[in-house]
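As structure tokens, the structure follows; a few thoughts come after it.
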């Protein structure tokens with residue numbers, strides 16, 4: 001009996017699909033170069049942002065709690081001295097927010113009691129810990145390290161929020177290390193062209209008190225402080241496409257590129273498709289012969305994309321199709337696992 005049980009466990013391990021095939025999407029936002037005239041003092045001026053692409057919409061931290069959440073997106077630009085990030089947040093009852101009230105002290109608890117945005121930075125995409133910086137619509141600032149360092153302060157950060165008719169726009173300035181501040185783990189464009197990043201909006205009058213939040217990257221509940229669930233900011237520096245290719249080669253997954261896509265960005269999709277096709281083939285090998293042949297034939301058709309000079313749109317479509325096949329394989333493996341356990 002015990003030997004049979006261990007055999008079933010071993011089979012279940014073999015049948016488990018790679019994480020790349022479970023629908024997880026790595027979001028990458030290419031940051032635009034900032035206008036040379038942009039400064040912390042004038043960062044709210046629309047002329048600096050009108051041509052900057054917006055991110056994809058923020059998604060609910062806990063899907064299903066509310067049916068509709070206010071739309072939230074961000075934009076980001078980088079200068080030689082500062083990373084600027086703008087949040088545009090729809091608000092159902094914008095007049096109820098305490099704009100113009102007293103600015104709370106640094107790290108005061110009341111920062112979390114009004115509409116706010118939490119920013120998380122993981123320079124180098126190390127996926128170990130991260131810096132957390134919170135701005136409230138009242139101008140409050142909180143900063144800390146996610147692994148627990150309340151004494152750490154990100155010197156030089158600044159925030160401003162503008163109230164609009166049915167929304168608000170928050171602007172944040174994050175100075176680089178080489179400009180005399182103790183920033184996020186000595187973060188500079190030269191040394192950290194790729195930065196693990198997530199942003200989370202909390203405390204809206206749409207659903208108050210804090211009963212929901214939305215975030216840019218990933219969907220697991222409360223995943224926004226977890227560096228393994230971050231997206232990536234790609235800075236406008238030389239060689240960033242090649243660096244991103246190296247990053248995604250380490251852990252193949254579905255990919256979404258956003259922002260100011262640089263020349264050659266299709267190479268990144270190509271690298272990911274190559275890895276995902278290989279992983280999907282490996283997973284399909286555990287299926288019954290008839291189902292395996294059907295899926296391998298479809299994968300062979302998708303693999304032809306790698307053998308020609310495919311454009312970004314064609315590569316993205318191939319990745320989407322590969323993702324659908326991965327989910328089909330995953331469902332079939334789960335059925336096989338259930339059958340094994342029922343027999344046992």
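The values are calculated or read from the model by the stated rules, or taken from the named source; none is laboratory data. Here the structure is a predicted model, which means the values were calculated and not measured. Backbone-built Cβ (ideal geometry, glycine too); neighbour counts: all protein chains shown.
So the values come out like this:
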item	result
Selection from the stretch 8-39 of residues that are out of contact with any helix residue (DSSP H, G or I) (no Cβ under 9 Å at 6 or more places or on another chain), more than 29 Å from residue 321 (Cα to Cα) and modelled with pLDDT of 50 or more	32, 33, 36, 39
Residue count for the stretch 45-69, restricted to those that are over 22 Å from the mean Cα position of the chain (by Cα) and either assigned to a strand (DSSP E or B) or surrounded by 15 or more Cβ atoms within 10 Å (Cβ to Cβ) (or both)	1
Unique residue being closer than 30 Å to residue 166 by Cβ, surrounded by fewer than 19 Cβ atoms within 10 Å (Cβ to Cβ), modelled with pLDDT under 95 and touching a strand residue (DSSP E or B) at 6+ places or on another chain (Cβ under 8 Å) when the list is 129, 107, 90	90
